[in-house]
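Worksheet: the structure to be examined is printed underneath.
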Amino acid sequence: MLEDLRDSAPAHPATGAFAISAAVAALLARLDAGRVAAVEAAVRAAVARAVLPRFRHLADSEVSAKSGPHDLVTVADREAEQLLTASLPPLLPGSVVVGEEAVAEDPARYEALRAAAPVWIIDPVDGTRQFVRGEAGFCTLVALAVDGVVVASWTYAPVLGLMAVAVRGRGAVFNGESLPRPAATPGGPLTVACSHPDYTTGPQQAQLRRLAVHGLAPRPCGSAGLEYLAIARGALDATAFSWELAWDHAAGLLLVEETGGAHLTTDGLPFRITGGNALAFTTARDAATAERVRALLAGETGADGT
């Protein structure tokens, strides 16, 4: 399906800011349909082995906190990441892995995002808090990037039965069917999923409150990966996030780009997975919506329509 979308893929406002380097072009050339399908199979297998058997069956001893009481990790997170770290690089010789749990143990591993080798960016369970609670709203995120550019992504929500795959310039598929550009819903307010108060500082919350204006309906976000999927499917207008860890965003950013969306930091530049972004940043169904949310986040005069 993805190969069939090459000629019909929409123009992507955020994509144009990133030049397609020789390394990106070479990696795309290696991503044939068979390799894309093999990654999907590896993701499904890791989740089936490490995550689903523990859904609603976690013991208290299998859950722990990392940086704070809301930053949870489980044995399922760690085992799924280990399985993907073993299975993905052989599919693309010369590639490396940046995984959330490995970086938690050794932050220096994050520097691989800025190195020359293609890198698999893994969030083994995005929405760990929901997973621990026994709620269905979690997913596994895998993205493949080089030169700071995401070239492919896989978003898998196993309990919800959702799988979305995107390849740069070839569009996206959702549960095996091509995912079209979402149509705008006229008349209603723009729904914006924002960084959850449990994970934001006072100044970050004050910035996000700038979105509480006529015509916008901000709400706390759930799993970032599922919020990005909601934008791509036309069920959400935008996100506004205050953090930049690549494993939370890389897969979803490409998915939204490949369905005609855009992303902007408060300084008007597209989000960079390598870091150094002016936060907060927004991802939206189209460039106009992204610019409206960005201007509000930046506190620009007149952005609220007054």
- Answer yes if at least one residue in region 48-57 is closer than 17 Å to Ala246 by Cβ and in a loop (DSSP other than H, G, I, E, B), and no otherwise. no
- Query: Quick one: would you say Ser21 is among the hydroxyl-bearing types (Ser, Thr, Tyr), open to solvent by 40 Å² or more (accessible area, probe 1.4 Å), modelled with pLDDT under 95 and out of contact with any His (no Cβ under 8 Å at 6 or more places or on another chain)?
  - Reply: no
- Query: How many of the residues making up region 151-175 are buried (at least 22 other Cβ atoms within 10 Å of the Cβ) and over 14 Å from Leu226 (Cβ atoms)?
  - Reply: 9
- Query: Which one of these is in contact (Cβ under 8 Å) with a residue 60 or more places away in the chain and either acidic (Asp, Glu) or open to solvent by 50 Å² or more (accessible area, probe 1.4 Å) (or both): Glu105, Glu111, Glu100?
  - Reply: Glu100
- Top-ranked residue in region 176-200 [being of a type outside the set (A, V, I, L, M) and assigned to a strand (DSSP E or B); ranked as most open to solvent (accessible area, probe 1.4 Å)]: Glu177
- Query: Within the group Ala37, Ala42, Ala48, which residue is within 19 Å of Tyr156 (Cβ to Cβ) and either surrounded by 16 or more Cβ atoms within 10 Å (Cβ to Cβ) or of a type outside the set (Gly, Ala, Ser) (or both)?
  - Reply: Ala42
- Message: Based on this model, can you work out whether Asp147 counts as modelled with pLDDT of 95 or more, of a type in the set (D, E, K, R) and open to solvent by less than 10 Å² (accessible area, probe 1.4 Å)?
- Response: no
- Note on the structure: In region 201-221, anything among the hydrophobic types (A, V, I, L, M, F, W, C) and either surrounded by 15 or more Cβ atoms within 10 Å (Cβ to Cβ) or under 19 Å from Glu244 (Cα atoms) (or both) is listed as Ala206, Leu208, Leu211, Val213, Leu216, Cys221
- Query: Being of a type outside the set (Gly, Ala, Ser) and under 21 Å from Asp147 (Cβ atoms), is that true of even one residue in region 280-290?
  - Reply: yes
- Message: Among the numbered criteria (1) acidic (Asp, Glu); (2) touching a residue at least 60 places away in the same chain (Cβ under 8 Å); (3) out of contact with any Leu (no Cβ under 6 Å at 6 or more places or on another chain), which one does Asp126 miss?
- Response: (3)
- Note on the structure: Exception for Asp60 within (1) open to solvent by 40 Å² or more (accessible area, probe 1.4 Å); (2) touching a residue at least 24 places away in the same chain (Cβ under 8 Å) falls at (2)
- Note on the structure: Selection over region 129-159 where residues are among the aliphatic types (A, V, I, L, M) and free of Cβ contacts under 8 Å to residues at least 60 places away in the same chain yields a count of 1
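The values are calculated or read from the model by the stated rules, or taken from the named source; none is laboratory data. Given the structure is predicted, the values throughout are model-derived calculations rather than measurements. Positions of Cβ are generated from backbone atoms using ideal geometry, with glycine treated the same way; all protein chains shown enter the neighbour counts. Remember, those area values only see protein heavy atoms, side chains included, never the ligands or the DNA or RNA. Shrake-Rupley method; radii C 1.70, N 1.55, O 1.52, S 1.80 Å.
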